[in-house]
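> To start, I am sharing the structure in question, which I have written as structure tokens.
The values are calculated or read from the model by the stated rules, or taken from the named source; none is laboratory data. Since we're looking at a predicted model, the values are computed, not measured. A quick note on method: Cβ atoms are made from the backbone with ideal geometry, for glycine too, and the neighbour counts reach across all protein chains shown.
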Amino acid sequence: MVDGELRSNVIASQDVHKAYGGVVPELASRAHELNIVPVVSEALRRAGVVPAELSCIAFTRGPGLLGSLLVGTSFAKAMGLALDIPIVDVNHLQGHILAQFIRQPGAARHEPSFPYLCLLVSGGNSQIVRVDDPLHYEILGQTIDDAVGEAFDKCSKMLGLGYPGGPVIDALAKNGDPLRFPFAKPHIPGLDYSFSGVKTSLLYFVRDALARDPEFLENNKEDLCASFQKTLIDILLDKLVKAVRQTGIREVTAGGGVSANSALRERLEAEGSRRGWRVYLPERKFTTDNAAMIAVAGYYRYLAGERSPLDAAPVSRL
Ligand code: KG4
């Protein structure tokens, strides 16, 4: 990133987890170790920048898998030391929250004004965050059990559709009837979420249906995905509408892997125009975990004078 503008964004995806139906922490750390040097070299090459031109290195301190965080943290420290430049740690969620501020050369800016609300939905988090400026946030509500991405992934596993579940369910749901199978929604006070009940209700529903008809899954996959997905989106939107009403903030963004979901994006746009919100959605490639969003968050922290000590330790939960 040069003066806040993105110059390259290289992602090494880890297909190694597909065979296990979920991320295997030890395999993730090993893949990070193998990938980090080639990925950083490629990012510099594509940006047309040599290491000596760098003025700061941003890295993810957490939350996440400790082994993977250790690889990135150690690498950032070593590179910072070798180049004699500062390092800045970033909360990975802060990256998702600021993804809308990733500026690409030649692309029009589409940035919310402060304060705004961010629906932060990923495999590990489901939160509504009030963002007052690039460095100050308040979590208004969050899940008390599973994250919504986890609900997508577990449902996919239950239906035998593979991992990660979100993209598969998203694709199948496009040909399904979202109103065919109603699933019960939780009643949680305030702006908090819960997704474990809806997952259990799918489990029992499928078990009973299969007992009556062994072909049920095969013949109803699309409708099941569409109905389950609609329930999750309804739950997300109910609380978001409440948050807008309570705060009076009509600038709304979304971030995290689940914000790549087509039906969620359509629904956010539709609710936005119906209710007079201004909705800003990051490009799909910036919704799942990526280095560009860490660079943006690090850039703002760097401008504010933040620096990380060499003993900054990674943390799995922040
Ligand atoms: O933000 P992310 O890449 O990683 C973290 O959890 O930090 O999010 C991954 C999650 C997974 O649960 C995945 O199933 C979900 O995002 N996801 C989606 C879609 N693409 C990814 N969920 C619904 N629809 C999608 N299109």
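> Consider Lys230 carefully, then state whether it is within 16 Å of the ligand (Cβ to nearest atom), surrounded by 13 or more Cβ atoms within 10 Å (Cβ to Cβ) and among the basic types (Lys, Arg). Show your work before the answer.
Working: within 16 Å of the ligand (Cβ to nearest atom): yes; surrounded by 13 or more Cβ atoms within 10 Å (Cβ to Cβ): yes; among the basic types (Lys, Arg): yes.
Yes, satisfied.
> Restrict the check to region 251-269 and report whether at least one residue is acidic (Asp, Glu), in contact with a Lys or Arg (Cβ under 9 Å, 6 or more places away or on another chain) and closer than 22 Å to Leu191 by Cα.
Yes: one or more hits.
> Leu210 fails exactly one of the following numbered conditions: (1) surrounded by fewer than 18 Cβ atoms within 10 Å (Cβ to Cβ); (2) in contact (Cβ under 8 Å) with a residue 12 or more places away in the chain. What is the number of that condition?
Single failed check for Leu210: (2).
> Is it the case that region 215-234 has a residue that's over 30 Å from Arg103 (Cβ atoms) and in a loop (DSSP other than H, G, I, E, B)?
Within region 215-234, one or more residues are over 30 Å from Arg103 (Cβ atoms) and in a loop (DSSP other than H, G, I, E, B).
Listed here are the residues, each with its yes/no results for (1) modelled with pLDDT of 95 or more; (2) in contact with an Asp or Glu (Cβ under 7 Å, 6 or more places away or on another chain); (3) not assigned by TED's automatic domain parsing to the domain that holds Gly165.
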position: Asp234; (1), (2), (3): yes, no, no
position: Asn261; (1), (2), (3): yes, yes, no
position: Gly276; (1), (2), (3): yes, no, no
position: Ala292; (1), (2), (3): yes, no, yes
position: Leu318; (1), (2), (3): no, no, yes
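> Being within 23 Å of Glu5 (Cβ to Cβ), within 16 Å of the ligand (Cβ to nearest atom) and part of a loop (DSSP other than H, G, I, E, B) is true for just one of Pro282, Pro314. Which residue is that?
Pro282
Quick grid of which residues meet (1) within 15 Å of the ligand (Cβ to nearest atom); (2) in the same structural domain as Tyr20 (by TED's automatic domain parsing); (3) among the aliphatic types (A, V, I, L, M); (4) loosely packed, with under 15 Cβ neighbours inside 10 Å:
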position	(1), (2), (3), (4)
Tyr116	no, no, no, no
Val121	yes, no, yes, no
Ser126	yes, no, no, no
Pro167	yes, no, no, no
Pro178	yes, no, no, no
Leu191	no, no, yes, no
Phe195	yes, no, no, no
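> Right, next: Can you confirm whether Ala184 is assigned by TED's automatic domain parsing to the domain that holds Asp153, out of contact with any strand residue (DSSP E or B) (no Cβ under 7 Å at 6 or more places or on another chain) and at pLDDT 95 or above?
Judged against the criteria, Ala184 is not a match.
Conditions (1) away from the ligand (no atom under 13 Å from the Cβ); (2) touching a Pro at 6+ places or on another chain (Cβ under 8 Å); (3) small (Gly, Ala, Ser); (4) modelled with pLDDT of 95 or more, marked per residue:
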{"residue": "Pro134", "(1), (2), (3), (4)": "yes, no, no, yes"}
{"residue": "Tyr137", "(1), (2), (3), (4)": "yes, no, no, yes"}
{"residue": "Ala151", "(1), (2), (3), (4)": "no, no, yes, yes"}
{"residue": "Pro164", "(1), (2), (3), (4)": "no, no, no, no"}
{"residue": "Arg212", "(1), (2), (3), (4)": "yes, no, no, yes"}
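> Within region 56-79, which residues are touching a residue at least 60 places away in the same chain (Cβ under 8 Å) and of a type in the set (Gly, Ala, Ser)?
Matches in region 56-79: Ala58, Gly62, Gly64, Gly72.
> Go over the candidates Val71, Val40, Val50 one by one and state the one that is loosely packed, with under 15 Cβ neighbours inside 10 Å and of a type outside the set (D, E, K, R).
Val50
> Take the residues in region 12-33 that are closer than 17 Å to Ala76 by Cβ and modelled with pLDDT of 90 or more, then tell me which one is surrounded by the most Cβ atoms within 10 Å (Cβ to Cβ). Even if it seems obvious, please write down each step before you answer.
Going through region 12-33, the residues closer than 17 Å to Ala76 by Cβ turn out to be 12, 29, 32-33.
Restricting the remaining residues to those that are modelled with pLDDT of 90 or more gives 29, 32-33.
On the way: Ser29: 17, His32: 20, Glu33: 15.
Restricting to residues being closer than 17 Å to Ala76 by Cβ and modelled with pLDDT of 90 or more, the top hit is His32.
> Name every residue in region 235-262 that is part of a loop (DSSP other than H, G, I, E, B) and within 12 Å of the ligand (Cβ to nearest atom), in order of residue number. Write out each step before concluding.
Residues of region 235-262 that are part of a loop (DSSP other than H, G, I, E, B), as a first pass: 248-250, 256, 261.
Once the filter is applied, which keeps residues that are part of a loop (DSSP other than H, G, I, E, B) and within 12 Å of the ligand (Cβ to nearest atom), region 235-262 yields Gly256, Asn261.
> Please find, among Gly95, Gly72, the residue that is closer than 26 Å to Ser308 by Cα and touching a His at 6+ places or on another chain (Cβ under 8 Å). Spell out the reasoning first.
Working: Gly95 fails: touching a His at 6+ places or on another chain (Cβ under 8 Å).
Going through Gly95, Gly72 in turn, just one is closer than 26 Å to Ser308 by Cα and touching a His at 6+ places or on another chain (Cβ under 8 Å): Gly72.
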